[in-house]
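The values are calculated or read from the model by the stated rules, or taken from the named source; none is laboratory data. Computed from a prediction, not measured in an experiment: that's the story for all the values here. Cβ placement follows ideal geometry from the backbone for every residue including glycine, while neighbour counts extend to all protein chains displayed. Please note that ligands, DNA and RNA were not included when accessible areas were found on the heavy atoms of the full protein model with its side chains. Shrake-Rupley method; radii C 1.70, N 1.55, O 1.52, S 1.80 Å.
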Amino acid sequence: MKKKIQELVKKKRIAPLVLGKDESNDKLEECPICFMNYPSLNRAECCRKRLCTECLIQLHKSASASASASGCVCPFCKACPLTTIFTGPLTEQERNLEKSEQQKVSLIQDKIKHEHD
């Protein structure tokens, strides 16, 4: 398995396998599954959601252990089989768009909270 992972990383098919960090900063991306922070994440081709290589490996191991004939299922949209792409770290434009979306969600959550108070 280790050789296959190294080969996929070398071919830039998956993000490098690195230790995640607990602390975040503007240069790191958070995996929505394990909540660890990484320099770059993989993207599910089906729904474009991001996930770290460690979580991707665990999903594939789990699918193999259950002898699922259909393969690994996307943990976000349930598409099967899960296929990923690696496009490198988020661009500044992607980071700004994500930040803007998060601010919009926070504003809506605050509005809903105040309506129910």
Exercise. Only residues that are over 19 Å from SER40 (Cβ atoms), open to solvent by less than 50 Å² (accessible area, probe 1.4 Å) and of a type outside the set (A, V, I, L, M, F, W, C): list them for the range 68-78, please.
Key: SER68, GLY71
Self-check item: Residue ID - farthest from SER100 (Cα to Cα), chosen from residues in the range 34-63 that are in a loop (DSSP other than H, G, I, E, B) and in contact with an Asp or Glu (Cβ under 8 Å, 6 or more places away or on another chain)
Solution: CYS34
Practice problem: Find the residue count for the range 1-33, including only residues that are open to solvent by 50 Å² or more (accessible area, probe 1.4 Å) and either within 16 Å of GLU98 (Cα to Cα) or in a loop (DSSP other than H, G, I, E, B) (or both). | Solution: 17
Quiz item: Mind checking which residues of the range 43-60 are farther than 20 Å from LEU19 by Cβ and either within 8 Å of the chain's Cα centre (by Cα) or small (Gly, Ala, Ser) (or both)?
Solution: ARG43, ALA44, LYS49
Self-check item: Subset tally (residues that are touching a residue at least 40 places away in the same chain (Cβ under 8 Å) and of a type in the set (Asp, Glu)) for the range 1-34
Solution: 2
Quiz prompt | Failed item, numbered, when LEU90 is tested on (1) free of Cβ contacts under 8 Å to residues at least 12 places away in the same chain; (2) touching a Ser or Thr at 6+ places or on another chain (Cβ under 8 Å) | solution = (1)
Quiz item: Tell me, which residue of the range 79-117 that is more than 20 Å from LYS11 (Cα to Cα) and hydrophobic (A, V, I, L, M, F, W, C) is most open to solvent (accessible area, probe 1.4 Å)?
Solution: LEU107
